[in-house]
Amino acid sequence: AVDRVLLSGPLRCARRGRRRALRVTLPAASPYIATGLRISTSIALILVITAELVASRSGLGYAVRAAEQASRVPEVYAGVLTIAVVGFLLNALFVAVEGRVLAWHRGYTAREAI
């Protein structure tokens with residue numbers, strides 16, 4: 001997924017192996033890696049809550065299921081809202097870290113658009 005133009009320069013300079021991986025390939029792939037981590041964090045949260053709903057005796061999913069079975073509607077809404085807030089905060093944290101770590105990428109892609 002690394003652009004051939006990015007790889008052609010280090011090939012001319014005879015950069016191979018670890019140096020090329022650390023200086024060219026990893027920085028070029030880092031936006032895609034960050035996106036994958038962000039998506040997988042959301043999926044992991046969904047799976048944890050689902051597992052708690054189905055087969056747990058503790059956790060937010062279990063609390064929502066127990067409240068639903070006891071017809072405690074306000075507690076069900078509170079649990080669902082808590083899960084939504086946790087998901088939102090995890091995403092916001094990832095966006096903030098990604099913005100700081102990959103600040104160079106925004107400038108690079110903005111130059112390409114011009």
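The values are calculated or read from the model by the stated rules, or taken from the named source; none is laboratory data. What you are looking at is a predicted structure, and each value in this text was computed from that prediction instead of being measured. Please note: Cβ atoms are built from the backbone with ideal geometry, for glycine as well, and neighbour counts cover all protein chains shown. Just the protein is used for accessible areas: all its heavy atoms, side chains included, with ligands, DNA and RNA removed. Shrake-Rupley method; radii C 1.70, N 1.55, O 1.52, S 1.80 Å.
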- For Leu53, state whether it is modelled with pLDDT under 95 and of a type in the set (A, V, I, L, M, F, W, C). yes
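Can you find, within segment 48-78, the residue that is most open to solvent (accessible area, probe 1.4 Å) among those that are polar (S, T, N, Q) and either more than 22 Å from Arg38 (Cβ to Cβ) or not in a helix (DSSP H, G or I) (or both)? Talk me through it step by step, then tell me what you get.
Here is the first cut: in segment 48-78, the residues polar (S, T, N, Q) are 50, 56, 58, 69, 71.
In the following step, the residues that additionally are either more than 22 Å from Arg38 (Cβ to Cβ) or not in a helix (DSSP H, G or I) (or both) were identified as 56, 58, 69, 71.
Working: Ser56: 28, Ser58: 73, Gln69: 132, Ser71: 95 Å².
Among those that are polar (S, T, N, Q) and either more than 22 Å from Arg38 (Cβ to Cβ) or not in a helix (DSSP H, G or I) (or both), it is Gln69.
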- Query: Which condition breaks for Leu81 when tested against (1) open to solvent by 100 Å² or more (accessible area, probe 1.4 Å); (2) modelled with pLDDT of 75 or more; (3) not in a helix (DSSP H, G or I)?
  - Reply: (3)
